[in-house]
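The values are calculated or read from the model by the stated rules, or taken from the named source; none is laboratory data. Since the model is a prediction, treat every value here as computed from it, not as a measurement. In this analysis, Cβ positions are derived from the backbone assuming ideal geometry, glycine residues included, and neighbour counts consider all displayed protein chains. Heads up: the accessible areas ignore ligands, DNA and RNA and are worked out on the full protein's heavy atoms, side chains in. Shrake-Rupley method; radii C 1.70, N 1.55, O 1.52, S 1.80 Å.
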Amino acid sequence: MSNKEVKAALKSARDAIRNKEYKEALKHCKAVLKQEKNNYNAWVFIGLAAAELEQPDQAKGAYKKAIELEPNQLLAWQGLANLYEKPNQTGVKGDLADVYQKLLELYKSGDKQKWCDVCNKLVDLYHQEKKYLEVAETWQKLIQMRQEEGAEKAELHQLWKKMIQLLRDSTSNQDNKTEQLLLTAFEHAVNSADTVPSEDHQNLYKDFIQCLSKFPHEAARLEKACNDMMALYPTISYPLEVLCLHFVNSGTLSEEALHCFSRLLEMDTSSGPGIIGFGIKCLQEKKYKEAVKSLTEGLQKTNQCPAAWHYLAEAQVKIHKHGSAVLSCNQALKALESPEGPNLRWKNLVLQLKAETLIKIADADAAEEAIKALEQIVEASSDPVVSAIKGQAYLNKGLMDEASKISQELLLSHPDLAESHALDGYIHYSQKNYEQAERSFLNAIERKAETAEYHQYLGLTYWFMSDETKRDKGKALTQFLKAAKLDSYLGSAFFYLGNYYRDIAGDKSRARGCYKKAFELDETDEESGTAAVDLSVELGDMDTALSILNEVTEKASPGTAKWAWLHRGLYYLRSGQPSQAVADLQAALRADPKDSNCWESLGEAYLNRGSYSTALKSFRRASELNPGLMYSIYRAAALEQILGKYENAIATYQQILKKTENYVPALKG
């Protein structure tokens, strides 16, 4: 076959392809290859025809042969791209990307429009495969190409916006390079907008700031973006809110942060981040109740802020609301599970605070929960303070050996740590080794004099050590006073001061004041409440006694606050108000239906009211619960006599006399 015949055969093949006669085309090509086995065009035409005849393997082989012969010729690469783009081609995306890359190389110096078309296709392909770095790098080449071509500012702006859109889903599994390219795209888009200010530009800025806030290491860039947006849009609170939350989460509160909080509240008094910021400021200024109030209110509006939940828990611990603090810690941990990714530093801080708080609740279940929390702290084993908390948890669970082991290890490895000596003190105190406990608490105070709890425990150590140390003003009393001064919310310190003034100093008035303060700080402290009421009665101050009891009973839910209902019921009984006495004593019995003395008092109240049958039932119930209550049995007999049940009355009187021969009221009856 001569050169002329080869050309004629190739022309026939091209015509056959144009007329969709693919088999015919293959015949012509094969004839050419017999003559010239390295004919580039013949292999390309075979690729085309085979592809149309649904023979992809043959087509692929032909194109690859052509490429092997002429690697920098376009036709075979274009044919291979068309083949791989067919919907029935699976598992070829990687190969297709390589083909597109080669086409870009070949088009670069020539057809710019085709270069852009292939570039778009390659970006789509990478996007489907979630290869975000390749998406970013390829799209940036496209923008660069358009810049070199002298594209208009508006077109470039749209291209940067498209890049943002393409990379939007990449923030959850971002590598640093992709992240930087996305942020660069945002910066270009924000700075290349035509109309500023405008709603579109404002939304773009919001998206940029939201994106920056997902990357903790971009703090400086975030602050700059927020400040730039505030300068452009001074009435929009969004950048200020993000900046405030950024300062909250950073854990360091500079003058700039405090200025941000107050500026945001001036702009919008109901802003969640602003109210949270104000709460943290109150916490810093030791205004703990205001801090709890503001942080609670702010978190109702902005609840996905782990740092704010931690600050709230901290404030609640300061005012000894331990149950609430544990719940706040749980909310913080829940917020840290969000898709934004856990912040390890905050997680460790929250878990430690939760464990410390659970220790203060001081029961075995809380101790178990504390141990679980401590086990989740990363690198906990290397932190001696965490070890000391664990030791206390073991002590609260009654696991003395484990607690002692931790204590001994800490005293050897960290003798200068206050917590090491305090743990040793708690262990000795629980074992009533008061002299060793005194030594340990003094050592702890020497290293950390501002901890109220150490002074309180030293005071208790002196209280139980001996009568001498209990009475010595310089021992127990001094330590209780120091504890109360260091922590004005520590109700138990005021309770122990009350005990000292009542039992040692004999100062009822001062004791009553201390018990009242202890009860105001902790309304679940029945002992302090009861002591405050009893001393008020002894001092003849019924108004104070009643005001305490009224406050408790008003807030009490059914079946609770027995002590308050009982005290008030007895007061009404003594002061000749039997109907009120009946109501209160019934409320007391709802809290404790098996209190025989309470049933006896209720019987007395019914008797004074003239309700004889009900009184009889109450006295009978009292004597069933406690057969030794002679007065109740006698009252039952007397009521049976009044009600004309003489035989029953006689039997009951005889029952009394069997037990107590000379019980005069029964003989008389």
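Side notes on the structure shown:
- Output for the range 400-439, where each listed residue is aliphatic (A, V, I, L, M), more than 30 Å from the chain's Cα centre (by Cα) and open to solvent by less than 20 Å² (accessible area, probe 1.4 Å): Leu410, Ile427, Ala437
- Considered as a group, the residues in the range 188-214 that are without any contact (Cβ under 8 Å) to a residue 40 or more places away in the chain and in a loop (DSSP other than H, G, I, E, B) include one that is surrounded by the fewest Cβ atoms within 10 Å (Cβ to Cβ), and that residue is Thr195.
- Number of positions in the range 309-361 that are under 19 Å from Gln284 (Cα atoms) and surrounded by fewer than 24 Cβ atoms within 10 Å (Cβ to Cβ): 9
- In summary, helices (runs of 4 or more DSSP H) completely within the range 92-182 and bearing 2 or more residues that are under 45 Å from the mean Cα position of the chain (by Cα), surrounded by 14 or more Cβ atoms within 10 Å (Cβ to Cβ) and among the β-branched types (Val, Ile, Thr) occur at 132-148.
- Verdict on Gly513 being touching an Asp or Glu at 6+ places or on another chain (Cβ under 9 Å), closer than 25 Å to Ile319 by Cα and open to solvent by less than 40 Å² (accessible area, probe 1.4 Å): no
- Exactly one residue out of Leu26, Leu53 is surrounded by 15 or more Cβ atoms within 10 Å (Cβ to Cβ) and either modelled with pLDDT of 95 or more or touching a helix residue (DSSP H, G or I) at 6+ places or on another chain (Cβ under 9 Å) (or both), and it is Leu26.
- Complete set of residues in the range 221-253 that are over 26 Å from the mean Cα position of the chain (by Cα) and surrounded by fewer than 18 Cβ atoms within 10 Å (Cβ to Cβ): Arg221, Lys224, Asn227, Asp228, Ala231, Leu232, Tyr233, Pro234, Thr235, Ile236
- Considering residues of the range 454-480 that are of a type outside the set (A, V, I, L, M) and in contact with a Leu (Cβ under 8 Å, 6 or more places away or on another chain) only, the residue surrounded by the fewest Cβ atoms within 10 Å (Cβ to Cβ): Gln456
- Helices (runs of 4 or more DSSP H) (entirely within the range 544-613) containing at least 1 residues that are among the acidic types (Asp, Glu): 578-591, 596-609
- Residue in the range 383-399 that is touching an Asp or Glu at 6+ places or on another chain (Cβ under 6 Å), in a helix (DSSP H, G or I) and open to solvent by 30 Å² or more (accessible area, probe 1.4 Å) present: yes
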